[in-house]
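Data first, discussion second: the structure below is written as structure tokens.
The values are calculated or read from the model by the stated rules, or taken from the named source; none is laboratory data. Just so we're clear, the structure is a prediction, and the values are computed from it rather than from any experiment. All Cβ positions, even for glycine, are placed from backbone atoms using ideal geometry, and neighbour counts span all protein chains on display.
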Amino acid sequence: MKTAVIIPARYASTRFPGKPLILIKGKPLVLHVVEKVAKCKGIDFVAVATDNKKIFDTVKNAGFNVYMTPVDLKSGTDRVAFVAKKYLKNFDVVINVQGDEPLIDKKLVEKMALMFKKDRTVEYLTAAYKMSQSDDYKNPNTVKVIFDKNMNALYFSRFPVPYMRDENLKIDYYKHIGVYGYRRDFVIWFAKTKQTSLEQAESLEQLRALENGKKIKIIITDKDFKDVNVPADVAGVEKLLNN
């Protein structure tokens, strides 16, 4: 079984235009991600998928694989599906690592790749992190996930789920970590499907799979990742990288 990691990197971010090229400790953000993922065990191929010539040249000049994708693709998943369909015909599994995750945990990527080898029934998987009491679980920018005893997702929400009717009960909240793994055929199919009502309501594309009756396997990670969403995040990420 052959596994690829594709890193979508879009230039025209609404909140942070040109984000993949912002310098983090003197190096473009996207290169931090590629270099870390390239060291993962059990991964046969790593490439960036971008819609921008500057990003393309930056990655290529650094000696890494990169593909140009259409500008009108709506999401990182669409970019990954485009590359999988056109260039990765001999691959079985594709892992989607966001281009703004310089603190991505190599062990998580490796664990995801291994899961596909161990369980041939898994088509789609992602990760979750058990939040601490100090975490802001009410923040709508922090996506929460609940799952069953077989570690299959039940729902993803920007709202704190489950709702605690009895405040005396104690329950763990899990933050969704935006790293995804797919069987190649699955991600190509998924990119062709129409948006669903719950997906549109929450602005979470994972819900499209659930609404279509698909299972999403959840892997628990013991590390939370601080990504780069806005310029103010740069200093915090640099500090964490220094540590």
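Return the residues of region 193-215 that are basic (Lys, Arg) and touching a residue at least 60 places away in the same chain (Cβ under 8 Å); say none if nothing qualifies.
Lys214, Lys215
Which residue out of Leu210, Leu169, Leu204 is closer than 28 Å to Lys19 by Cβ, of a type outside the set (Val, Ile, Thr) and either outside any strand (DSSP E or B) or in contact with an Asp or Glu (Cβ under 8 Å, 6 or more places away or on another chain) (or both)?
Answer to the selection: Leu204.
Need the failing condition index for Lys41 against (1) touching a Phe, Trp or Tyr at 6+ places or on another chain (Cβ under 7 Å); (2) not in a helix (DSSP H, G or I), just the number.
Checking Lys41 against (1) touching a Phe, Trp or Tyr at 6+ places or on another chain (Cβ under 7 Å); (2) not in a helix (DSSP H, G or I), the one that fails is (1).
Can you pull out the residues in region 213-239 that are aliphatic (A, V, I, L, M) and either in contact with a strand residue (DSSP E or B) (Cβ under 9 Å, 6 or more places away or on another chain) or within 22 Å of Thr126 (Cβ to Cβ) (or both)?
Ile216, Ile218, Ile219, Ile220, Val228, Val234, Val237
May I ask you to verify whether Ala201 is modelled with pLDDT of 95 or more and in contact with a helix residue (DSSP H, G or I) (Cβ under 6 Å, 6 or more places away or on another chain)?
no
Those residues that are more than 17 Å from Ser75 (Cβ to Cβ), small (Gly, Ala, Ser) and surrounded by 11 or more Cβ atoms within 10 Å (Cβ to Cβ), I need them from region 12-31; list them, please.
Residue satisfying the conditions is Gly18 alone.
Identify all residues within region 127-156 that are surrounded by 13 or more Cβ atoms within 10 Å (Cβ to Cβ), under 16 Å from the mean Cα position of the chain (by Cα) and polar (S, T, N, Q); write none if there are none.
The one that is surrounded by 13 or more Cβ atoms within 10 Å (Cβ to Cβ), under 16 Å from the mean Cα position of the chain (by Cα) and polar (S, T, N, Q): Thr142.
Test of understanding: among Val30, Val66, Val48, Val34, which residue is of a type in the set (A, V, I, L, M), in contact with a helix residue (DSSP H, G or I) (Cβ under 6 Å, 6 or more places away or on another chain) and within 14 Å of Ile95 (Cβ to Cβ)?
Val48
Among the residues of region 162-183, which ones are surrounded by 17 or more Cβ atoms within 10 Å (Cβ to Cβ) and either farther than 21 Å from Leu108 by Cα or among the polar types (S, T, N, Q) (or both)?
none
Mind checking which residues of region 189-243 are touching a Phe, Trp or Tyr at 6+ places or on another chain (Cβ under 9 Å) and over 26 Å from Lys130 (Cβ atoms)?
Scanning region 189-243 gives Phe190, Ala191, Asn212, Pro231.
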